[in-house]
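Following: one structure in structure tokens, then a few remarks.
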Amino acid sequence: MRLKSIILLVILSVSIHVVYAQICSDPFNVIYGINQSGNVVPINVNTASVGTALTSSSDHGSPGITSNSNSLGLDIQNSTFYYFQQNTASSQKFVSFNAVTKTYTTLANSPISVSDVRGCVTADGTGYYCLDGNHTLCYYNIASDKWTTIGSNLVDQHGNDLSSIFNNLGSGDMAVDGVGRLWIVAASSSKWGIYMIGAPLPTTAKSSILLTEEVAPTQATPTNAPFGGIAYNHAGQMYMSTQNDLYLLNNDLSLSHIGAFSKPGVGADLTSCNFPFSVLQVSWTAFTASLDSNSVKLNWSINQESDNQGYHIERSTNGQQWIEIGSQNKILSGGASNYTFLDESPESGMNYYRIKATQYDGKTNYSKIVAENIKVENDIHIWPVPAISVINIETPGPASSYNGIVKIINPTGQVISSNTLYGGINTLNISKLHTGIYIARITLSNGKTVNEEIIKK
């Protein structure tokens, strides 16, 4: 049991290098494809060169050469491929092929009645998912050799029925990532897009299935050939294949043509040994700051943000120490997104800004830094800087009369104390604060707000 746990941990991180020498011995450079005759082949992702087929008609239990094979998935824990060896509406044959023992096994018949389009194995090797030509999602339990029909009512995050999308974009593939999410590419000869089903994935029948549109299905397909296969690399990017060509999907959604397969026809479907946690990371296209009266207006644009949860806006007065001044959730638009944030209380002098994008796995991705110089006539004074135990805050107005409040904000943007201010000199005890940089946000009774930096020694 302990050994199995260790193996699972290695699998989910990114890839396997040693455990299975014959399969996944080079997960950074090799993925696997299948042609319509059911031959599983290794593919070099740098050159699109195709190696010797792993399968052979002499293998034990071989179903022989068949047509329209598709929906390839790989269980990297035992070097076993799962796919539809025969994939026609009238006669289907779902099989597994163990690449170590060179053994085929004919598995339980699937519940679908049309050709299957997309398929993959989960990261832990317990199940196989497929989506047929009628956009019906099915689940196969590997241990029990049993199928379950999940459903065909696909809706996006806005409640839109996706039937017409998947009818029009009838090709594609899908793959599970290391977090357990199912990524689906829908493609035609002219357009393609990407959808995602969040974890935990369903294993029982559902009245509707929620798919998040991650890349709008308006992307142009190259060479008028639909994508039939996808596979991850270790960094979470997707390799995408037509029947005869291999591409890499970059983070800005551009496609790099790796090359034509050295043996044509092996791009009917792809799979790999990688189950990355981050898929299609944030791609920044613009970030600007501009003055808006006494405020600073921030605008940023994202070309795509598939694996992102949201954004944290950070400000600095020296470009080195940063505090969070706000946050925004991800816009579920599926494609390019534009964001705006208004800093209504910039500090006097130079203000530096950056945006921190947070991914589902906790990793962060920063924008570039922009700056604006704010000139504010300030009749509020704070000293000493730096301070050890107390700070003095002097505000205008009659002595001992109420004149507003001061909030102390820590570097993460949290308000840690709030105190009343009076006209004249106010003394505030900061002896319990940890060493670092804080903001004193002062709001006077006349509505004026000023942010001043505090350095606690």
Condition (residue is within 18 Å of Ile23 (Cβ to Cβ), in a loop (DSSP other than H, G, I, E, B) and not polar (S, T, N, Q)) applied to region 103-121: is it met by at least one residue?
no
Count of region 384-416 residues which are of a type in the set (S, T, N, Q) and under 20 Å from Trp322 (Cα atoms):
3
Those residues of region 448-457 which are open to solvent by less than 50 Å² (accessible area, probe 1.4 Å) and not charged (D, E, K, R) amount to Val450, Asn451, Ile454
Using the structure shown, decide if Glu347 is part of a loop (DSSP other than H, G, I, E, B), surrounded by 13 or more Cβ atoms within 10 Å (Cβ to Cβ) and at pLDDT 80 or above.
yes
Of the numbered conditions (1) free of Cβ contacts under 8 Å to residues at least 12 places away in the same chain; (2) touching a Lys or Arg at 6+ places or on another chain (Cβ under 9 Å); (3) among the small types (Gly, Ala, Ser), Ser164 fails exactly one; give the number of that condition.
(2)
Residues of region 60-99 being aliphatic (A, V, I, L, M) and in a strand (DSSP E or B), which ones?
Leu72, Leu74, Val95
Of everything in region 246-265 that's closer than 21 Å to Asn70 by Cα and in contact with a Leu (Cβ under 9 Å, 6 or more places away or on another chain), which residue is surrounded by the most Cβ atoms within 10 Å (Cβ to Cβ)?
Leu246
Is one or more of the residues making up region 171-187 in a loop (DSSP other than H, G, I, E, B), over 23 Å from the mean Cα position of the chain (by Cα) and free of Cβ contacts under 8 Å to residues at least 60 places away in the same chain?
no
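Yes/no per residue for (1) closer than 26 Å to Ala216 by Cα; (2) touching a Leu at 6+ places or on another chain (Cβ under 8 Å):
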position: Cys120; (1), (2): yes, yes
position: Gly125; (1), (2): no, no
position: Gly133; (1), (2): yes, no
position: Leu137; (1), (2): yes, yes
position: Ser144; (1), (2): no, no
position: Ile150; (1), (2): yes, yes
position: Leu154; (1), (2): yes, yes
position: Gln157; (1), (2): yes, yes
position: Ser164; (1), (2): yes, no
Selection from region 384-414 of residues open to solvent by 40 Å² or more (accessible area, probe 1.4 Å) and either of a type in the set (A, V, I, L, M, F, W, C) or within 22 Å of Tyr353 (Cβ to Cβ) (or both) yields Val385, Ile388, Val390, Ala399, Ile405, Lys407, Pro411, Thr412, Gln414
Taking into account only those residues within region 55-103 that are touching a Pro at 6+ places or on another chain (Cβ under 7 Å) and open to solvent by less than 30 Å² (accessible area, probe 1.4 Å), which is farthest from Gln243 (Cα to Cα)?
Val95
When the residues of region 415-437 are filtered to those that are modelled with pLDDT under 90 and surrounded by 16 or more Cβ atoms within 10 Å (Cβ to Cβ), which remaining residue is nearest to the chain's Cα centre (by Cα)?
Ile437
Condition set open to solvent by 40 Å² or more (accessible area, probe 1.4 Å) and either part of a strand (DSSP E or B) or out of contact with any strand residue (DSSP E or B) (no Cβ under 7 Å at 6 or more places or on another chain) (or both), scope region 304-321, selection modelled with the highest pLDDT: answer is His312
Does Val376 satisfy the criteria of being of a type in the set (A, V, I, L, M), within 36 Å of the chain's Cα centre (by Cα) and at pLDDT below 90?
no
Please find, within region 104-113, the residue that is modelled with the lowest pLDDT out of those that are over 21 Å from Gly33 (Cα atoms) and surrounded by fewer than 18 Cβ atoms within 10 Å (Cβ to Cβ).
Ser113
Of the criteria (1) part of a loop (DSSP other than H, G, I, E, B); (2) open to solvent by 50 Å² or more (accessible area, probe 1.4 Å); (3) not basic (Lys, Arg), which one His135 fails:
(2)
If the requirement is being under 30 Å from Trp284 (Cβ atoms) and of a type outside the set (S, T, N, Q), which of these qualifies: Ile437, Ile391, Ile380, Ile408?
Ile437
Just for region 146-189: of the residues that are among the aromatic types (Phe, Trp, Tyr) and open to solvent by less than 30 Å² (accessible area, probe 1.4 Å), which one is nearest to Pro226 (Cα to Cα)?
Phe166
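The values are calculated or read from the model by the stated rules, or taken from the named source; none is laboratory data. Note that the structure is predicted; figures quoted are calculated from it, not measured. Every residue, glycine among them, receives a Cβ derived from its backbone with ideal geometry; neighbour counts consider all protein chains shown. Ligands, DNA and RNA are excluded from the accessible area calculation, which covers all protein heavy atoms including side chains. Shrake-Rupley method; radii C 1.70, N 1.55, O 1.52, S 1.80 Å.
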